[in-house]
Amino acid sequence: MPPEGGGEDGSGRGGHGRASLTEMGYELAPLADRIISIIIDLLIVAVIGIVILIVAIPFSLLFRPLTFAADFSTDILVLSIIYFIVFEWNGRQTPGKKFSGIRTVDAGSLKAEDHTQMIIRNVLRIIDSFPGNLYIVGFIIALLTERRQRLGDILAGTLVVKGEPRMIRKEQ
């Protein structure tokens, strides 16, 4: 069954009168661009985490010395999810996505993802980022899916695309 919005590769006329990726000015985001994007974003999260760590170490070691490492690891995961949600909520792109020229869209309409989709796909980073925030699970799933979707994209109904959106005329 061809992907929504077009033919086998997402190009061509989609069913139900929907525009294709190509007609909307998009192509599926290459995995290399997605990898560059996530590396940039994780480096930013790491810097934020280091600043928080420097401030938090004295208090954490004083009040939670036995669970400090486990708590910090969980805190970084939560921080990264918050980072992605905040950037995508406000500007629809993280700094890494802006740099790479990619964006997330609804898989059916090819319009910007809605807030529910954005939260679903970013909370599912918990699974996609295994092991150790390396995104191996997400990368493998994206390699195995026709539209290069990680688990978060599949369950949220989104695609990551490259290009600038175009306005198209409604067919009569």
Checked the stretch 22-55 for anything surrounded by fewer than 16 Cβ atoms within 10 Å (Cβ to Cβ) and small (Gly, Ala, Ser); matches are Ala32, Ala46
request  = Can you confirm whether the stretch 113-131 contains a residue that is charged (D, E, K, R) and free of Cβ contacts under 8 Å to residues at least 24 places away in the same chain?
outcome  = yes
When restricted to Gly152, Gly138, the only residue under 24 Å from Asp75 (Cα atoms), surrounded by 19 or more Cβ atoms within 10 Å (Cβ to Cβ) and modelled with pLDDT of 95 or more is Gly152
Q. Somewhere in the stretch 117-135, is a residue among the small types (Gly, Ala, Ser) and surrounded by fewer than 17 Cβ atoms within 10 Å (Cβ to Cβ)?
A. yes
Residue pairs qualifying under the 8 Å Cβ cut-off, at least six apart or on distinct chains, with the first in the stretch 26-53 being without any contact (Cβ under 8 Å) to a residue 40 or more places away in the chain and the second being hydroxyl-bearing (Ser, Thr, Tyr) and part of a helix (DSSP H, G or I), are Val45/Ser80; Val45/Tyr83; Ile48/Tyr83
Only unsatisfied item for Val51, checking (1) part of a helix (DSSP H, G or I); (2) at pLDDT below 80, is (2)
Considering the stretch 97-112, residues that are crowded, with 23+ Cβ neighbours inside 10 Å and among the polar types (S, T, N, Q), and then whichever is farthest from Pro30 (Cα to Cα), we arrive at Thr104
Gln93 fails exactly one of (1) within 11 Å of the chain's Cα centre (by Cα); (2) at pLDDT 95 or above; (3) closer than 24 Å to Gly49 by Cβ; (4) not charged (D, E, K, R), namely (2)
Ser73 meets each of (1) free of Cβ contacts under 8 Å to residues at least 12 places away in the same chain; (2) hydroxyl-bearing (Ser, Thr, Tyr); (3) outside any helix (DSSP H, G or I) with one exception, condition (3)
Among Val78, Val105, Val86, the single one that is under 14 Å from Leu155 (Cα atoms) and of a type in the set (A, V, I, L, M, F, W, C) is Val105
From the option list Ile136, Ile154, single residue qualifying as out of contact with any Pro (no Cβ under 6 Å at 6 or more places or on another chain), without any contact (Cβ under 8 Å) to a residue 60 or more places away in the chain and over 19 Å from Gly96 (Cβ atoms) is Ile154
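The values are calculated or read from the model by the stated rules, or taken from the named source; none is laboratory data. The model shown is predicted, which means the values in this text are computed figures rather than measured ones. Cβ sites come from the backbone with ideal geometry, for glycine too, and all protein chains shown count toward neighbours.
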